[in-house]
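Encoded as structure tokens, the structure appears first; notes follow it.
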Amino acid sequence: MAHTAAVTVANKECRLLALPPEMRNRIYRACLVEGDISIHSDDAGNDLPTEPAILRTCRQIRDEAESILYQENTFDFTVEDHDASNYVKWCRSAERRRECKHTFNLNEGSTNWSNLEKWMVAWWSGEAEGPAGYAEDEGGIMTFVGNVATHLFRVLETLQDSGLPWETAQSVLRNMRRALGVENQDWLEESDQAD
């Protein structure tokens, strides 16, 4: 008897999918577009934020609505102590996420090289983005707005654009870390907090 009820429910037509595509897109936008969506590095013990329920209803709705979620919102990540593990995990869980608009609030509570290096490795392998570091002011002038992490990602970008292998980039980063350590010994310390 339960099997018959399940089949009957499964065979019912989804009323949302019966609407014209333009109307469905308006509904998806009403459900999914928030503008800026904040994600903190320490949210829920480093768990990923859950996707909106509408994306989990059926494959067709997911295919239609997912691009609206990721293209029409900006995901704002707060990264504490260079720990971008939540962001990297978020990117790895769906390719579309790497292509969405996102920003970073880099809060350098400590100089955690281990966390920063993990983020740089994920960036180098194409699994995540790094902080952009440049913003256009009202006059159209590009100005630097970043920190140490942003500078290091710019160096990595230059090395990668030059076709150098990761091992060379890693060597350059080690030397840059030593140079940072001259100014602040904390950069040379290994962190017990890194996972």
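The values are calculated or read from the model by the stated rules, or taken from the named source; none is laboratory data. On a predicted model such as this, the values are computed, not experimentally measured, just so you know. All Cβ positions, even for glycine, are placed from backbone atoms using ideal geometry, and neighbour counts span all protein chains on display.
A few points about this structure:
- Cβ-Cβ under 6 Å pairs, at least 6 apart or on other chains, segment 93-105 side part of a loop (DSSP other than H, G, I, E, B), far side crowded, with 16+ Cβ neighbours inside 10 Å and not small (G, A, S): C100/Y70; C100/F75
- Of the set (1) loosely packed, with under 14 Cβ neighbours inside 10 Å; (2) at pLDDT below 85; (3) out of contact with any helix residue (DSSP H, G or I) (no Cβ under 9 Å at 6 or more places or on another chain), all apply to P20 but (2).
- Sub-9 Å Cβ pairs linking a first residue in segment 1-29 that is under 18 Å from L55 (Cα atoms) and β-branched (V, I, T) to a second residue that is surrounded by 10 or more Cβ atoms within 10 Å (Cβ to Cβ) and at pLDDT 50 or above, at least 6 apart or interchain, are I27/L16; I27/L19; I27/I54; I27/A65, ordered by first then second residue.
- Any chance Y70 is modelled with pLDDT of 85 or more, in a helix (DSSP H, G or I) and under 30 Å from V148 (Cα atoms): yes
- Selection of segment 73-99 for residues being closer than 19 Å to C31 by Cβ and modelled with pLDDT under 85 yields A94, R96, R97.
- Meets criteria (in contact with a His (Cβ under 7 Å, 6 or more places away or on another chain), surrounded by 14 or more Cβ atoms within 10 Å (Cβ to Cβ) and modelled with pLDDT under 85) for T103: no
- Selection count where residues are within 25 Å of the chain's Cα centre (by Cα), at pLDDT below 90 and part of a loop (DSSP other than H, G, I, E, B), scope segment 137-182: 4
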